[in-house]
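Report on the following structure.
The values are calculated or read from the model by the stated rules, or taken from the named source; none is laboratory data. The shown structure was predicted, so the numbers you read here are calculated from the model rather than taken from an experiment. Virtual Cβ from ideal backbone geometry, glycine too; neighbours counted across all protein chains shown. Each accessible area value is taken on the protein alone, full model and side chains, heavy atoms only, with ligands, DNA and RNA left out. Shrake-Rupley method; radii C 1.70, N 1.55, O 1.52, S 1.80 Å.
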Amino acid sequence: MDTLRKPFQGVWNIIRFNWHFYVLSTGLAMALLYLRSIQTVIPQEYMVFAAFVIVSITLISLLASLYVYDLSGLYSLKWMDRLALGKMNSMVNVNAGFDETSELLARRYQGVKLSVLDFYNSKKHTEISIKRARKAYPPYPNTLSITTDQIPLEDNSVDIVFAILSAHEIRNNNERMAFFKELKRTLKANGKIVVTEHLRDMPNFLAYTIGFFHFHSKSTWLQTFRNADLTISKEIKITPFLTTFVLENA
C-alpha cells in the first residue's frame, strides 16, 4: 500500500463523496422490510428478497472498490513498469477535478518536469461527488485549469501524458475526440498517452451493476482513439476492472 495514502482511503472516499446513494439504498431496504409487515398485497418473502438484493448489490460494489482502489496496488504505480514508457523529460497529468495521482507520479518520476491539467467544468461536470471531492482535497500545486478544446502547451513538447480515471468524465463523443486530438498535438514525435479506465464490460457490470453505465465501452474508446489519429501500442489489465491503453501517433 502506498505510504502517501491512508488505509482504505479509496473506498472511504467513495462512501463519503457518494453518501446520498448509500443513504438511499439503506433507506429503501429498511422501507421494504418495514412494509412487508403492514401490507398483504405483495408476499413478505418477495420484499425480504428485494431488500436482500439491494444490500447485496451495495456491498458487492464496495468490496470491488476496496479491491480496486485499496488492495490492488493501483496507486503504487508499480504496474507502470509493464508499460515500457522509456526515458522522459516531461510529463503531463490530466484530471477531471479530483487529483489522486500527481503527487505519486512526481515521486515515481523524480527529476521529470510535471505539468498538471484540470479540465473540470462545473457546467458540464455536474456530479455532486466531484464537487465534494474538490472541497476535501486541494489541487496539486500549480495545477492549470483548462478547457477540453484548448490545452495551453506547445506543440511537440511532451513525452508522456497520463489520463488516469479522468477522461471518462467527458461524456460527449465529439468533445472527447477533440480533447485527445489536443493531447496528441502536445506530444513529441515518439510521445505516448497513457489512459487508464474502467470499461463498460461484464466484470464492471458484475461489480457495479447499473453504475457501469458511467463508464465507456471499449469500442467507444477505440473509436475515440481512431478519430484522434492515435494508435494503441500496448494494452494491459491492472485488475479485471481496470484497463490501461498506451497510445502513440498513428
Magnitude of the Cβ-charge dipole (Lys and Arg +1, Asp and Glu -1) of the chain about the Cα centre, nearest 20 debye, reported as 160
Over 31 Å between Cα atoms: which of K78/K135; K6/K188; K184/K218; K135/K234; K78/K124; K123/K234 fall into that group? K6/K188; K135/K234; K78/K124; K123/K234
How compact is the chain by the rule of thumb for globular proteins, expressed as Cα Rg over 2.2 N^0.38 Å? 1.13
If one computes the Cα centroid of the stretch 169-197 and of the stretch 47-69, what distance in Å separates the two points? 34
Skip the ligands, DNA and RNA, and give the accessible area per residue of the stretch 81-120 with a 1.4 Å probe, whole Å². 45
Would you kindly state how much longer the chain becomes between A50 and I236 on full extension, computed as 0.36 nm times their sequence separation minus their alpha carbon distance, in nm to one decimal? 63.2 nm
222 nm [θ] for the chain, helices only, -39500 (n - 2.57) per DSSP H run of 4+, per residue, to 500? -12000 deg cm²/dmol
Counting other Cβ atoms within 10 Å, keep those with at most 15, restrict to DSSP loop, and tell me which chymotrypsin sites (Phe, Trp or Tyr not before Pro) in the stretch 121-183 are left. none
Cα convex hull volume per residue for the stretch 116-250 (Å³): 118
At a 1.4 Å probe, what is the % contribution of carbon and sulfur to the accessible area of the stretch 157-207? 56
Which one of T58, T186, T148 has the biggest mean-square fluctuation once the chain is modelled by GNM with Cα springs under 10 Å? T58
What are the residues whose amide H is under 5 Å from the amide H of S217, where those residues sit 5 or more places off or on another chain and H is modelled from the backbone? R200
Semi-axes a, b, c in Å (a largest) for the stretch 56-110, each sqrt of 5 times a Cα gyration tensor eigenvalue, come to 28, 14, 9
Among trypsin sites (Lys or Arg not before Pro) in the stretch 150-250, those in a DSSP loop whose Cβ has at most 16 other Cβ atoms within 10 Å are R171
Overall dimensions of the stretch 126-194 by Cα: Rg and Dmax, Å: 13.5, 39
Where labels lie 7 Å past Cα in the beta-carbon direction, separation of L206 and I38 in nm: 4.0
In Å, the Kirkwood estimate of hydrodynamic radius for the stretch 73-148 over Cα pairs equals 13.7
Positive minus negative residues near N249 (Lys, Arg vs Asp, Glu; Cβ under 12 Å): +3
With a 1.4 Å probe and all protein chains left in place, how much accessible area per residue does the stretch 126-250 have, in Å²? 48
Considering only DSSP states other than H, G, I, E and B, which trypsin sites (Lys or Arg not before Pro) in the stretch 62-148 qualify as loop sites with at most 11 other Cβ atoms within 10 Å? K87, K123
Of all accessible surface on the stretch 1-70 at a 1.4 Å probe, what whole percent is carbon and sulfur? 76
Simple spin-label estimate for R107 and I15 in nanometres, 7 Å along Cα-Cβ: 2.4
Alpha-carbon gyration tensor eigenvalues x 5, square-rooted, for the stretch 188-250, Å: 24, 12, 7
Cα coordinate range in the stretch 1-65, projected on the principal axes (Å, largest first): 55, 18, 11
Given the options F213, S65, T231, identify the residue whose Cα lies farthest towards the positive end of the charge dipole of the chain (+1 on Cβ of Lys, Arg; -1 on Cβ of Asp, Glu). S65
Additional length obtainable on full extension of the chain from L59 to E248, 0.36 nm per residue less Cα span: 64.2 nm
Restricting to lysines and to Cα separations under 17 Å from K181, and discarding same-chain partners fewer than 8 apart, the set is K192
Can you bin every Cα-Cα distance in the stretch 85-127 into 10 Å intervals starting at zero and give me the percent of pairs per bin, rounded to whole numbers? 26, 45, 21, 8
As an exercise, use a Förster radius of 51 Å and the Cβ-Cβ distance of L66 and N174 to find the FRET efficiency, rounded to the nearest 0.05. 0.90
Can you name the helices of the chain, as whole DSSP H runs, whose Cα span along the helix axis is 30 Å or more and whose Kyte-Doolittle mean is not below -1.0? 44-66
